[in-house]
Each structure stands twice: as structure tokens, then as C-alpha cells.
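Data first, discussion second: the structure below is written as C-alpha cells.
The values are calculated or read from the model by the stated rules, or taken from the named source; none is laboratory data. All values reported here derive from a predicted model rather than from experimental measurement. We place every Cβ from the backbone using ideal geometry, glycine too, and count neighbours over all the protein chains shown.
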Amino acid sequence: MRKLIMKTERLTNQETQRAGDLLKAGEVVAFPTETVYGLGADATNDEAVKKVFIAKGRPSDNPLIMTVADIAQLDPFVTISDMAQLLMAHFWPGSLTIILPIKPGKVSMLVTGGLQTVAFRLPDNDVARAVIRAAGVPIVGPSANTSGKPSPTTAAHVWHDMQGKIAGIVDDGPTQIGVESTVIDMSATTPTILRPGAVTQQQLEAVLNMPVVDATSTKSVASNVTPKAPGMKYRHYAPDKNVVMFDRLDALDLKNELQKNDVVMAQEPTLSAMQLSLDQSWSLGETLESATEQLFSGLRFYDDEIQVATIYVEKMSPIGLGKAYNNRLAKSAGNQEFSV
Ligand code: TXA
Ligand code: MG
């Protein structure tokens, strides 16, 4: 058992003032968003920010998102270009994180990881915004998982990873989207997607009325350079168990190869075709949205089941949100694919 070093308060989604008070006091509090749960701390307080890196076990060169309750909170830190303003008007509050150049000296090096840019997000969740307003400052908001593990989509997931390490967790039930926000870099000449999410390349291009580069196929970067998207060089979303992705066209071949301790996460039609027992299968529902919402929950569940050997997970069509789903799945699987 992990040693308890701090009592973690379980807060309801009504107790946003208490969460704000803890944040003001320099403590770390997990909060809900529409994508995944985040780990909040006063972004203007270096001691508080340090605690986030420690609780997550996160490398210090991986910068943090600043999470705000309204656009005015950005003013002290960045100059907002017309294009960035367009994106905010269309997609905020929502699942888009926007990277902007900082006003020199205005954001702590701890938050930026030494970069001249900072990532901002305004979540589409009333409780998140109430917590930030109660804190009175922007809060950093990395996903509230232990570094390298799947992001938490319930307060119970956060409790599993952070209990004893942070001051509180605000429980607002399961998150709606289930994977992290789209990250777009607006600090370069060409807008560039650094992480796919619920806001798609097509939607971004339509609003900006110009091409947007999708850099998410970029291979991992050598560890001796500071990469453009620092998070890209680390292993991500990875359970301890062996994870392998599969195509639904191969479902029956997979069924023939399945060992007693293997499990399958797939959509309803695929599971019906495979005729698996309930304890060997995790339903991803019937839609792309439900699959995305369930992905990390299923991976986390089977990761804790001692007898499970390999987790096979169905891929989605790589369109729209399917790109974000497949991106997280491929990382969880270390790119391993089932083939016949
Ligand atoms: O949906 C989300 O965005 C969630 C919720 C809690 O808001 N947060 C989240 O934060 O996923 P995090 O820290 O787990 O992921 C942020 C990603 C990391 O890969 C980080 O490297 C990248 O954004 N990032 C942050 N600041 C950056 C910057 N200035 N330049 C490039 N990449 C940056
Ligand atoms: Mg994360």
C-alpha cells in the first residue's frame, strides 16, 4: 500500500468555494472538465506548481496548461492575435487548448518548461470555472493521472492515482468526452495541431479559413533537444498490461487466437460477433463518442485486474474524433497491432 502523506478531501461539485480556498492556500486540487479530470494549482505560485510535478511524477521540461474561467484572465500573460481571438470566440468554452507567445517574464518558467509560449484552455464545465473563479487566479491543469498513465475520466480514477498526494478532489461524475483537448500551436506562422482531440482539423480550418498543419504523426523526439510539443517524447496513456489494437475486420481471427486471460474492448456489434463472455469483454457502446468516453476507463479497469494478460482494443475509423481516439489507443498500445 502506498504510504498516506496527506489527507485528500473528497469534495462534491457544490464545494467549489472550499476547492478555491485550498488553491489560494497553495494546495493542489483535482477538478473536473468536459474532457478528463485536471490537477489544479495556482499558476502564479511556484511552490504550488512544484507540487503538481511531484504529485504526477511529471518531468519538469513538460509544460503545463493554464486553465482560465474567462478570456480576461489571459490579459496579464499574453497578447491575443486576431486569429487566436477567432478560435476563442468559436471554440471556448470547449476542448481546444491554444498555445500563444508569452509577454516576456510574465509566466513562471515552471509552467512553460522554459519555452517562450504558454498553453491556455477554457473548459466547458461549470464546476471547473466556478473553482477557478473561487481561486481568483488561472490554475495549471495537467491531466490528473500519474505521469504516463491513462488520463482520469472519473473522480475514482483520480483517487486511485492521487490519494494521499494532493489536498482535494472535486467530484462531478464521469467526464463527457473522455480524451484530452485538441492542442493547437498559434505561436508559429502556420497554425499546427500538436494533439488531436474533439475539436477537429476540419473545424479549425473552417473557422480560420486557412490550412492547419496536423503534426500529430510526428515521431518521438530525441531526449537531448527541447521538442516543439514537449509531451510528445514521453510514453503516454500506457497501462502496465500489454495493450494491442485490432481492426474490426479481424475480430473473428482474433477470437480464434484469444488466450484464457486475454480481454477485449470493442463496440457492441463487434462483441456480439465475437460472442465473448461478459468477464472477457468491455463494451465501447455503439458510437464513436461512447467509445472515446469509455477508452481510458476500460484500460484502467483491466490494468488493475491481476489475472488479465493482454487487452485487445478495437480501432475506430480515423475521421473526426476517431483520430483522437486512435491516437490515444496507439500510444497506449505502444503501436502494437493484431495481424493475422
Ligand atoms: O483536456 C485537457 O487538455 C486536459 C484537461 C484537464 O484540461 N489537460 C491536459 O493537460 O491534457 P496535460 O498537461 O496532460 O497535456 C498538455 C499537453 C502536454 O502534452 C504538453 O506537453 C503540451 O500540452 N503543452 C503545454 N504547454 C505547451 C507549450 N507551451 N508548447 C507546446 N506544448 C505544450
Ligand atoms: Mg496528460
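For (1) surrounded by 15 or more Cβ atoms within 10 Å (Cβ to Cβ); (2) touching a residue at least 40 places away in the same chain (Cβ under 8 Å); (3) of a type in the set (Lys, Arg); (4) within 14 Å of PHE246 (Cβ to Cβ), each residue gets a yes or a no:
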residue: SER297; (1), (2), (3), (4): yes, yes, no, no
residue: GLN307; (1), (2), (3), (4): no, yes, no, no
residue: LEU321; (1), (2), (3), (4): yes, yes, no, no
residue: SER339; (1), (2), (3), (4): no, yes, no, yes
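Whether any residue in the stretch 285-294 is under 17 Å from SER151 (Cβ atoms), in the same structural domain as GLN267 (by TED's automatic domain parsing) and assigned to a strand (DSSP E or B) is what I want to check. Within the stretch 285-294, none of the residues are under 17 Å from SER151 (Cβ atoms), in the same structural domain as GLN267 (by TED's automatic domain parsing) and assigned to a strand (DSSP E or B). If I filter the stretch 156-173 for residues that are closer than 20 Å to PRO93 by Cα, within 14 Å of ligand 2 (Cβ to nearest atom) and modelled with pLDDT of 95 or more, do I get at least one hit? There is no residue in the stretch 156-173 that is closer than 20 Å to PRO93 by Cα, within 14 Å of ligand 2 (Cβ to nearest atom) and modelled with pLDDT of 95 or more. For the residues VAL213, VAL225, VAL207, VAL221, the requirement of being away from ligand 1 (no atom under 16 Å from the Cβ) and either modelled with pLDDT under 95 or aliphatic (A, V, I, L, M) (or both) singles out VAL207.
Tell me yes or no: at least one residue of the stretch 242-257 is under 18 Å from ARG195 (Cβ atoms), part of a loop (DSSP other than H, G, I, E, B) and touching a residue at least 60 places away in the same chain (Cβ under 8 Å). Looking through the stretch 242-257, none of the residues is under 18 Å from ARG195 (Cβ atoms), part of a loop (DSSP other than H, G, I, E, B) and touching a residue at least 60 places away in the same chain (Cβ under 8 Å). Please work out if ARG133 is within 16 Å of ligand 2 (Cβ to nearest atom), of a type in the set (D, E, K, R), within 18 Å of THR44 (Cα to Cα) and at pLDDT 95 or above. It is false that ARG133 is within 16 Å of ligand 2 (Cβ to nearest atom), of a type in the set (D, E, K, R), within 18 Å of THR44 (Cα to Cα) and at pLDDT 95 or above.
Inspect the stretch 97-107 for any residue being within 16 Å of ligand 2 (Cβ to nearest atom), part of a loop (DSSP other than H, G, I, E, B) and buried (at least 18 other Cβ atoms within 10 Å of the Cβ) and give the result as yes or no. Within the stretch 97-107, not a single residue is within 16 Å of ligand 2 (Cβ to nearest atom), part of a loop (DSSP other than H, G, I, E, B) and buried (at least 18 other Cβ atoms within 10 Å of the Cβ). Tell me, please, whether a residue that is touching a Pro at 6+ places or on another chain (Cβ under 6 Å), at negative phi and within 11 Å of ligand 1 (Cβ to nearest atom) can be found in the stretch 188-199. So far as the stretch 188-199 goes, no, none of its residues is touching a Pro at 6+ places or on another chain (Cβ under 6 Å), at negative phi and within 11 Å of ligand 1 (Cβ to nearest atom). Only one of the listed residues (THR16, THR8, THR35) is among the β-branched types (Val, Ile, Thr), surrounded by fewer than 21 Cβ atoms within 10 Å (Cβ to Cβ) and modelled with pLDDT of 95 or more. That residue is THR8. One residue stands out among those in the stretch 28-49 that are in contact with a helix residue (DSSP H, G or I) (Cβ under 7 Å, 6 or more places away or on another chain) and hydroxyl-bearing (Ser, Thr, Tyr): the one that is nearest to ILE5 (Cα to Cα), which is TYR37. Filtering the stretch 73-93 for residues that are modelled with pLDDT of 95 or more and within 16 Å of ligand 2 (Cβ to nearest atom) leaves an empty set.
Would you check if THR67 is within 16 Å of ligand 1 (Cβ to nearest atom), touching a residue at least 12 places away in the same chain (Cβ under 8 Å), among the β-branched types (Val, Ile, Thr) and surrounded by fewer than 16 Cβ atoms within 10 Å (Cβ to Cβ)? No: the conditions fail for THR67.
The residues in the stretch 125-137 that are near ligand 1 (Cβ under 10 Å from one of its atoms) and part of a loop (DSSP other than H, G, I, E, B) can be counted, and the count is 1.
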